[in-house]
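Down below is the structure, laid out as structure tokens.
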Amino acid sequence: MDNTTALTFTMTAYTAMGNYKNGLFTVFLLLYCIIIILNSLLITVIYQNKALHQPMNLFSCMLSMNEIYGSTSLFPAIMFVLMSETHEIVVKWCMAQVYFLHTYASAEFTILAVMGYDRYVAICFPLHYYSIMSHSKIGKLVALAGLYPLIVFGCFYSLTLQLSFKVFYMKLKS
């Protein structure tokens, strides 16, 4: 067992905030709570109202779930670093946050592309819309939008974790 210390990143911009830390923490907390409450409300309304069980509303529900995922990966970490005394974050946590934010952004673009495909079919083939956008196809599109970002960035993330940041850090110092 070797004696190593965890490499950390110091967020120097947070130290300059000084007196504004409590106010910024409050703003971020309120914003986070508003995001969670409103997106949960939208998901609940779409889930409970059977008339809203259309493909576009389902994709809007996916956007809301993705927004909850993305804000949960960003806001608590920002609030934690903001209120800490050292303003440091361990490299592993930083890499995890990079993974979460990349999967959030990629899922957002994938869901928007699926929504665009849905509108294309609705406009160009209005009489065949329900035969083209069957329940099985909608299920496949939902699976694509949900799994694609996790798999692609999971591969990138696993390769990134194999890098040695200590060597890179030492090269920067010299």
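The values are calculated or read from the model by the stated rules, or taken from the named source; none is laboratory data. These numbers were taken from a predicted model, which means no experiment stands behind them. FYI the Cβ positions are ideal-geometry reconstructions off the backbone, even for glycines, and counts take in every protein chain you see.
Of all residues in the stretch 62-85, those that are in a helix (DSSP H, G or I) have Cβ atoms under 8 Å from Cβ atoms of residues that are aliphatic (A, V, I, L, M) and modelled with pLDDT under 90, 6 or more apart or on another chain, in 77/89; 81/11; 81/89; 82/17; 82/24.
When the stretch 34-71 is examined, which residues are found to be more than 24 Å from residue 141 (Cα to Cα) and under 15 Å from the mean Cα position of the chain (by Cα)? Hits for the stretch 34-71 are 35, 36.
When residue 89 is tested against (1) part of a helix (DSSP H, G or I); (2) touching a Ser or Thr at 6+ places or on another chain (Cβ under 9 Å); (3) under 29 Å from residue 8 (Cα atoms), only condition (1) is not met. Scanning the stretch 118-174 for residues that are among the small types (Gly, Ala, Ser) and modelled with pLDDT of 90 or more returns 122, 131, 134, 136, 139, 143, 145, 146.
Do we have any residue at all in the stretch 127-140 that's touching a Ser or Thr at 6+ places or on another chain (Cβ under 9 Å), part of a helix (DSSP H, G or I), more than 18 Å from residue 71 (Cα to Cα) and aromatic (Phe, Trp, Tyr)? No - not one qualifying residue is present in the stretch 127-140.
Kindly indicate whether residue 44 is assigned to a helix (DSSP H, G or I) and surrounded by 13 or more Cβ atoms within 10 Å (Cβ to Cβ). In short, no.
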